[in-house]
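Just below is one structure, and these are the notes that go with it.
The values are calculated or read from the model by the stated rules, or taken from the named source; none is laboratory data. These numbers were taken from a predicted model, which means no experiment stands behind them. When we count neighbours, we look across all protein chains shown, and the Cβ atoms used for this are built from the backbone with ideal geometry, even at glycine. Surface accessibility is based on the protein's heavy atoms, side chains included, excluding ligands, DNA and RNA. Shrake-Rupley method; radii C 1.70, N 1.55, O 1.52, S 1.80 Å.
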Amino acid sequence: MTVLDAKYLDGRSTRPHAVTVHLDATGVRIEGLDSHRVENWTDIEKSERTRHGPRRLTFQDGAYLDVDDRRAFDDVLAQLGHRDSLVVGLQMSWKATLASFMALLAVLAMAYRWGLPWAAQELAQSIPISVEQQLGESAFEQLDARWLKPSKLDPQHIERLQQRFEAAVRAQPQPSPAYRLVFRTGGPLQANALALPGGMLVVTDELVALAPDDDAILGVLAHELGHVQHRHVTASIIQASGLSMVAFVLWGDVSTLLAAAPVALMQATYSRESETQADTYAIHFIQAAGLRSASVAELFEAMQKQNGEEGGSVWSSHPDTGERAERFRRR
């Protein structure tokens, strides 16, 4: 039998009583109260072993004992044949704790890399078209006010591009999503094209200047139209805006999402899968319209050279530009 000092609380008041606890194979006997108390191990709930704090024995009536000498109490339980659960053993092991922490980081990284884009894409499919159009109009107004400036291109060149793209859209065997083509001086966008929710396509003067010919510009517009078709644009806003989208889902409050959309569009990037889908859409579009796909490859390579992009890696969220250019050139 082992004797330990403890504090006894009856479960009805917060006043502790200093007691002596006798422990043996059958249970515990408490001395120091008005009357002795004896309990069997089967009727006692033992707290988990920890590195800090007392061990607690809780009785069925709510009373409990706090034993400050944890090590002595643990030794007694071990001698009596009581064994901690696997979970408690893992919690007491720093190696297991470190391994769990590293596993958690890996799960969070994979959720961010693959889970979040998948969830955003799934949610984007349920957004009404009217909300997408509202998002696109609001985002364009704010982008136009903050970063973009009126185009300086020859109006005849703009009209020619618009007419040619309209003709290419009509040449498609399947209906294309509704779109609106806008030309602007790029500012922070530089040589680029940008699709907004609802089908607005923004083309920068810098991209037009960099393109080897009009076919290259139309091919890039087809790529952006592919993002609209697969609703990648809305998914990227959902992914980038985070809590704003949660507010929209829970309460239908689109105002926070409208406010977050412009910055989200400027910061968001599409995943490898999304870019590949948009490229596939563009390749079929180009073939149906009789455009020169090699021009798009040349434009991609020119953009890569200008922006100093490096090749993608297996952990990169964006596909390698050189591989994409080669895919268009093979077509």
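Tabulated values for the structure
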{"item": "First in the range 129-148 and free of Cβ contacts under 8 Å to residues at least 60 places away in the same chain and within 15 Å of VAL182 (Cα to Cα), second anywhere and buried (at least 20 other Cβ atoms within 10 Å of the Cβ) and of a type in the set (Lys, Arg), Cβ under 9 Å, 6 or more apart", "result": "ASP144/ARG184; LEU148/ARG184"}
{"item": "Subset of the range 137-188 (residues that are open to solvent by less than 40 Å² (accessible area, probe 1.4 Å) and part of a loop (DSSP other than H, G, I, E, B))", "result": "LEU148, SER151, LEU153, GLN172, SER176, PRO177, GLY186"}
{"item": "Check on LEU299, in a loop (DSSP other than H, G, I, E, B), surrounded by 14 or more Cβ atoms within 10 Å (Cβ to Cβ) and at pLDDT 70 or above", "result": "no"}
{"item": "In the range 189-222, the residues that are open to solvent by 10 Å² or more (accessible area, probe 1.4 Å), of a type outside the set (A, V, I, L, M, F, W, C) and at pLDDT 90 or above", "result": "ASP205, GLU206, PRO212, ASP213, ASP214, ASP215"}
{"item": "Test: residue in the range 262-281 that is at pLDDT 70 or above, closer than 23 Å to SER176 by Cα and more than 26 Å from the chain's Cα centre (by Cα)", "result": "no"}
